[in-house]
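Peer 1: My structure is below; once you've seen it, I'll send some questions.
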Amino acid sequence: MNIILLGAPGAGKGTQATKISDKYGMPHISTGDIFRENIKNQTEIGMLAKSYIDKGQLVPDEVTCKIVEERLSRDDCREKGYLLDGFPRTLAQAEALDKITKIDAVVNIDIDFSLLMNRLCGRRVCRDCGESYHVSMLQGATTCARCGGELYTRKDDNPETVQSRLAVYTEQTAPLIDYYTKKGLILNFTGTDDPPAVLFGEITAELDKLAR
Ligand code: AP5
């Protein structure tokens, strides 16, 4: 199965993606993670991406599409398909993707924006394994319960940048819901503050039908 995860910043794409890719044994491809890895390693792409990400803007389509095309050409994507998290985010990216692959389903997590500012500004991420926490659950802990790594706040998780990310989502990414609805590929879900396992159950009930 080749799956896309769509949703506003903080909707829970990354949280669900980890679980879905574990269940179906497919690679989880997050363009945000790829850019952050490049920033950490101070590559040319990383330096370019940083200048956009820190402002809450999208990295240019040509750069992003090239990275994804290269990633999808690897062997692991041919075995059980793949899960795209955070790509495509513009109509140009969606059209470029159509030229190189066939998508089986688009999982869209629709969420009330009022939940997102608190989720994102309170998020702490493990530097080593990438696990996410909310500061309200940490009781002062500064290390990851899973691997002991240091927890940090993403530079784009501050009120001003989150506002900008949400505006960019509304303007450039939300139109993809219509694009994939017309293709008959959309599976719609509602994101809430219920435990992530609830949404995971709903999503996999639908994906199981496709996997059969
Ligand atoms: P990216 O890393 O993709 O960020 P994003 O889309 O803004 O999404 P997030 O990672 O912030 O949120 P998420 O939906 O994954 O939610 P999560 O599961 O972490 O992209 C970053 C930047 O890179 C972009 O702004 C852009 O500049 C650039 N970029 C990336 N892709 C690009 C592209 N295709 N084109 C151009 N530029 C691109 O959850 C959020 C928080 O909520 C966590 O703390 C989590 O623990 C918590 N949470 C999750 N589920 C629940 C729940 N059910 N209840 C309570 N809390 C929950």
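The values are calculated or read from the model by the stated rules, or taken from the named source; none is laboratory data. Quick caveat, the model's predicted, so the values are computed rather than measured. Cβ coordinates were reconstructed from backbone atoms using ideal geometry, including for glycine residues, and neighbour counts include every protein chain displayed. When the accessible area is computed, the model is the full protein with side chains, heavy atoms only, and any ligands, DNA or RNA have been set aside. Shrake-Rupley method; radii C 1.70, N 1.55, O 1.52, S 1.80 Å.
Peer 1: Roughly to the nearest percent, how much of the accessible area of the chain is carbon and sulfur, given a 1.4 Å probe?
Peer 2: 50 percent
Peer 1: Amide H of residue 7: which non-local residues (sequence gap of 5 or more, or other chain) have their own amide H closer than 5 Å, using H built in the peptide plane?
Peer 2: 109
Peer 1: In Å and from the alpha-carbon atoms only, list the Rg and Dmax of the chain.
Peer 2: Using the Cα atoms of the chain, the pair Rg, Dmax is 16.6, 48 Å.
Peer 1: Okay, moving on. Over segment 34-188, what is the mean sequence separation of C-alpha contacts under 8 Å (at least six apart), divided by residue count, expressed as relative contact order in percent?
Peer 2: This gives 27 percent for segment 34-188.
Peer 1: Also, I was wondering about something else. Once phi is turned into θ = phi - 60°, what whole-Hz ³J(HN,Hα) does the Karplus curve with 6.51, -1.76 and 1.60 give for every residue of segment 165-175, x standing for Gly and Pro?
Peer 2: 5, 5, 5, 5, 4, 4, 7, 9, 9, 3, x
Peer 1: Moving to a separate point now. Using alpha carbons only, how many angstrom separate the centre of segment 141-202 from the centre of segment 77-118?
Peer 2: What the calculation gives is 12 Å, centre to centre.
Peer 1: Between residue 210 and residue 178, what FRET efficiency comes out of the Förster formula 1/(1 + (r/R0)^6) with R0 = 22 Å and r the beta carbon distance, rounded to 0.05?
Peer 2: 0.55
Peer 1: Also: Give 80/209; 55/99; 13/99; 19/102 a once-over and call out the pairs whose C-alpha atoms are over 27 Å from each other.
Peer 2: 55/99
Peer 1: Still on this structure, please answer the following. Not counting ligands, DNA or RNA, and with a 1.4 Å probe, what is residue 155's accessible surface area in Å² rounded to the nearest 10?
Peer 2: About 130 Å², ignoring ligands and nucleic acids.
Peer 1: Sticking with this structure for a sec: Might you tell me the accessible area per residue for segment 1-103, computed with a 1.4 Å probe and given in Å²?
Peer 2: Per-residue value: 48 Å².
Peer 1: For segment 106-155, what is the relative contact order in percent, using Cα pairs closer than 8 Å and at least 6 residues apart in sequence?
Peer 2: Contact order relative to length: 34 percent.
Peer 1: Ok, one more. Please list, in chain and number order, the residues 5+ apart from residue 105 or on another chain whose amide H is under 5 Å from its amide H, with Hs placed from the backbone.
Peer 2: Sorted by chain and number, the residues that satisfy this are 2, 4.
Peer 1: Then there's this: Which value, in Å² rounded to 10, gives the accessible area of residue 165 with a 1.4 Å probe and all protein chains present?
Peer 2: Near enough 30 Å² of accessible area.
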